[in-house]
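The values are calculated or read from the model by the stated rules, or taken from the named source; none is laboratory data. Keep in mind that this is a model prediction, so the values were computed, not measured. Note: ideal-geometry Cβ built from the backbone for every residue, glycine included; neighbour counts use all protein chains shown.
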Amino acid sequence: MQTRLLSDRKVLITGAANGIGAALAEHFAQLGMTVALVDYHADRLAEKHRELADQGYKVSSYCTDIADFSKCQAAYEYFYNEIGFIDTLVNNAGISPKHEGSAHKIWQLSPEEWQRVVDVNLNGTFNFIRLLVPQMIEHKFGKIINTSSVAAHAYLPVVACHYSTTKAAIIGLTRHLAGELGTYNIHVNAIAPGRIETPMVLEVGDQVNQRVIDDTPLGRLGSPMEVAKVVEFLVSNDSSFVTGQVVDIAGGWLMR
Ligand SMILES: NC(=O)c1ccc[n+]([C@@H]2O[C@H](COP(=O)([O-])OP(=O)(O)OC[C@H]3O[C@@H](n4cnc5c(N)ncnc54)[C@H](O)[C@@H]3O)[C@@H](O)[C@H]2O)c1
């Protein structure tokens, strides 16, 4: 079985300009990995790139919307020319639209909003997997982490049904691909964060977050870096016999 040191590895992170993705970018860069950052927020992405490059880390970045396959293909080609084979993929970017801090109920939801969430959360996850896997097969090495949510496991009134549906679908995709790709030494796992203190979560206001904290055995929100540490384990050689799993990072909220 082939293993590779993290310091020799190259990781593509989507949604890397903010929140959990930004923490992943910082943490992996500090571990010596080459980080390829994707986000559609141009200013924040450029700032994150600069911040990491100024510290001497190996960084490349591409601004695009992950919902569009042809744009992801252009990003993939850019990175391939810049840094070569990417052995690790963290599909992190995701959206959870709110309206004045609340999620729409099914009877309020527009088909356009439903479609956009499917395009970003689910198709966006498919896109880079589809693009990176052929090279991973060739190299007989790959680590893929998909981002689900505890909203895939239970009803959370704070999100809309498009969000929980796409996050549940990501678990199906993860398990299927773990089965399909294991023979090529490609590991595919998912994380299911609970409430992590990021701009996405702070959008809903203190009261909602306090209710989650009250129901969480560890009695607080998680931090983006606590998510990054679990992802580090999942992409490292230490998890070499772990694939097709969903790891909850939720402070004990909903023990399954
Ligand atoms: N924060 C939480 O409590 C929590 C809980 C469970 C799951 N998650 C999941 O973790 C992931 C990261 O969440 P976060 O809280 O850090 O979110 P965030 O909103 O703070 O950051 C998401 C990043 O993704 C980027 N992005 C969004 N859509 C994009 C697109 N179409 N193309 C390119 N970039 C895009 C945004 O610009 C942003 O930089 C998401 O998939 C989210 O669903 C978060």
- Taking THR165, is it within 9 Å of the ligand (Cβ to nearest atom), out of contact with any His (no Cβ under 8 Å at 6 or more places or on another chain) and either closer than 29 Å to TRP253 by Cα or among the acidic types (Asp, Glu) (or both)? no
- Note on the structure: When (1) within 24 Å of ALA190 (Cβ to Cβ); (2) more than 13 Å from the ligand (Cβ to nearest atom); (3) out of contact with any Phe, Trp or Tyr (no Cβ under 6 Å at 6 or more places or on another chain); (4) not hydroxyl-bearing (Ser, Thr, Tyr) are applied to ASN81, the one that fails is (1)
- Message: Being touching a residue at least 24 places away in the same chain (Cβ under 8 Å), surrounded by fewer than 19 Cβ atoms within 10 Å (Cβ to Cβ) and closer than 30 Å to ASP87 by Cβ is true for just one of GLY194, GLY179. Which residue is that?
- Response: GLY179
- Message: For the list (1) more than 23 Å from LYS10 (Cα to Cα); (2) without any contact (Cβ under 8 Å) to a residue 24 or more places away in the chain, I need the number of the one condition that PHE233 fails.
- Response: (1)
- Message: List pairs: first residue in segment 2-20 and farther than 22 Å from VAL133 by Cβ, second residue within 12 Å of the ligand (Cβ to nearest atom) and of a type in the set (Lys, Arg) anywhere in the structure, Cβ distance under 9 angstrom, at least six positions apart or on different chains.
- Response: ALA17/ARG44; ALA17/LYS48; ASN18/ARG44; ASN18/LYS48
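Can you tell me how many residues within segment 190-204 are of a type in the set (Val, Ile, Thr) and either more than 8 Å from the ligand (Cβ to nearest atom) or within 21 Å of SER239 (Cβ to Cβ) (or both)?
3
Which of the residues spanning segment 106-130 are surrounded by fewer than 16 Cβ atoms within 10 Å (Cβ to Cβ) and in contact with a Pro (Cβ under 9 Å, 6 or more places away or on another chain)? Before you say what the answer is, go through the steps one by one.
Of segment 106-130, the ones surrounded by fewer than 16 Cβ atoms within 10 Å (Cβ to Cβ) are 106-108, 110-112, 115-116, 130.
Across segment 106-130, the qualifying residue is only ARG116.
Can you tell me how many residues within segment 131-149 are assigned to a helix (DSSP H, G or I) and either surrounded by 22 or more Cβ atoms within 10 Å (Cβ to Cβ) or within 14 Å of the chain's Cα centre (by Cα) (or both)? Quick ask: steps written out before the conclusion?
Taking segment 131-149 first, the residues assigned to a helix (DSSP H, G or I) are 131-139.
Filter again for either surrounded by 22 or more Cβ atoms within 10 Å (Cβ to Cβ) or within 14 Å of the chain's Cα centre (by Cα) (or both), leaving 132, 136.
Final tally of qualifying residues: 2.
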- Query: Which condition does GLU100 not pass, out of (1) modelled with pLDDT under 95; (2) within 16 Å of the ligand (Cβ to nearest atom), if it passes all the others?
  - Reply: (2)
- Those residues that are within 13 Å of the ligand (Cβ to nearest atom) and more than 23 Å from GLU112 (Cβ to Cβ), I need them from segment 153-162; list them, please. HIS153, ALA154
- Name the single residue, out of those in segment 57-102 being in a strand (DSSP E or B) and among the small types (Gly, Ala, Ser), that is surrounded by the most Cβ atoms within 10 Å (Cβ to Cβ). SER61
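I'd like the residue in segment 11-23 that is closer than 21 Å to PHE233 by Cβ and either within 9 Å of the ligand (Cβ to nearest atom) or aromatic (Phe, Trp, Tyr) (or both) and, out of all such residues, is surrounded by the most Cβ atoms within 10 Å (Cβ to Cβ). Can you show your working first?
First pass over segment 11-23, keeping only residues closer than 21 Å to PHE233 by Cβ: 11-16, 19-23.
Now narrow it down to the ones that are either within 9 Å of the ligand (Cβ to nearest atom) or aromatic (Phe, Trp, Tyr) (or both): 14-16, 19-23.
Values: THR14: 28, GLY15: 28, ALA16: 32, GLY19: 21, ILE20: 30, GLY21: 28, ALA22: 26, ALA23: 23.
This residue is ALA16.
For segment 1-56: of the residues being in a loop (DSSP other than H, G, I, E, B) and charged (D, E, K, R), which is modelled with the lowest pLDDT?
Taking segment 1-56 and keeping what is in a loop (DSSP other than H, G, I, E, B), we get 1-5, 9, 15-18, 31-33, 40-41, 55-56.
So of that shortlist, the ones also charged (D, E, K, R) come out as 4, 9.
Working: ARG4: 88, ARG9: 98.
Among residues in segment 1-56 that are in a loop (DSSP other than H, G, I, E, B) and charged (D, E, K, R), the one modelled with the lowest pLDDT is ARG4.
Would you call ASN185 over 20 Å from PRO97 (Cα atoms) and either over 15 Å from the mean Cα position of the chain (by Cα) or modelled with pLDDT of 95 or more (or both)?
Working: over 20 Å from PRO97 (Cα atoms): yes; either over 15 Å from the mean Cα position of the chain (by Cα) or modelled with pLDDT of 95 or more (or both): yes.
For ASN185, the condition - over 20 Å from PRO97 (Cα atoms) and either over 15 Å from the mean Cα position of the chain (by Cα) or modelled with pLDDT of 95 or more (or both) - is met.
Having 2 or more residues that are within 25 Å of VAL118 (Cα to Cα) and of a type in the set (Val, Ile, Thr) is the bar; report the helices (runs of 4 or more DSSP H) wholly within segment 164-256 that clear it. Full working, then the answer.
Details: elements: 199-202, 206-214, 224-235.
The qualifying helices (runs of 4 or more DSSP H) are 224-235.
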- Pair list, Cβ < 6 Å and 6+ apart or interchain, from segment 24-48 residues that are within 10 Å of the ligand (Cβ to nearest atom) to residues that are of a type in the set (Asp, Glu): TYR40/ASP65; LEU45/ASP39
